Amino acid sequence: MQIVRADFADPRLSAFLQAHLDDMEPTAPPESRHALDLAALQGEDVRLWVASDDHGIVGTAALARLEEQHEELKSMRTEPRVRGRGVATRVLAHVLADARARGVRRVSLETGSMEFFAPARAFYAAAGFAPCPPFGSYVEDPNSTFMTLALRPG
């Protein structure tokens, strides 16, 4: 598996990201869904990585700048056919290493509070993320769980 910065011209990427949005659609009302679309992921303050194997894209993760030394984890997704094989662990380690190397001190995330997101919450907790209040432009929402991780310099 290789992890590289996103090639937005790759049609496989747009299909992979659309599948992520499609997965999120039935989980919460529109105002409680915060996944970024393809255009937003191409923003100046966003860094998107793609993990691929011989069969195609197997994972994505992005970091979006919130403020100096604080970024948000976005678009974390693993292809269903490879879930449970360590893809998410490797992708998360990659993006956190990048953040540390750039002097980021905190990475936060928003994920769903519903049962559908229980595996994600457990994954992030195992990686050291802890519950926190809403950050950035988020507000309290019963459909959201907010988590954060303080990074030690790498």
* Structure fact -> When Ser108 is run through (1) modelled with pLDDT of 95 or more; (2) over 12 Å from the mean Cα position of the chain (by Cα), the failure sits at (2)
* Structure fact -> For segment 82-107 the number of residues that are part of a helix (DSSP H, G or I) and in contact (Cβ under 8 Å) with a residue 24 or more places away in the chain is 15
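Among the listed residues Met76, Met114, which satisfies the condition of being crowded, with 17+ Cβ neighbours inside 10 Å, modelled with pLDDT under 95 and among the hydrophobic types (A, V, I, L, M, F, W, C)?
Residue meeting the stated conditions: Met76.
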* To do: Report yes if Glu71 is at pLDDT below 95 and either of a type in the set (Asp, Glu) or over 22 Å from Ala125 (Cα atoms) (or both), otherwise no.
  => no
* Asked: Can you pull out the residues in segment 42-58 that are assigned to a strand (DSSP E or B) and either on the phi > 0 side of the Ramachandran plot or among the charged types (D, E, K, R) (or both)?
  -> Arg47, Asp53, Gly56
* Structure fact -> Checked against (1) under 14 Å from the mean Cα position of the chain (by Cα); (2) of a type in the set (S, T, N, Q); (3) surrounded by 17 or more Cβ atoms within 10 Å (Cβ to Cβ), Thr89 satisfies every condition except (3)
* To do: Go through Ala125, Ala51, Ala35, Ala64 for me and flag whichever is without any contact (Cβ under 8 Å) to a residue 60 or more places away in the chain, in contact with a strand residue (DSSP E or B) (Cβ under 9 Å, 6 or more places away or on another chain), surrounded by 15 or more Cβ atoms within 10 Å (Cβ to Cβ) and over 18 Å from Gln18 (Cα atoms).
  => Ala64
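The values are calculated or read from the model by the stated rules, or taken from the named source; none is laboratory data. Only a predicted model underlies this, so the values are computations on that prediction, with no experimental measurement involved. Every residue, glycine as well, gets a Cβ built from its backbone with ideal geometry; the counts of neighbours run over all protein chains shown.
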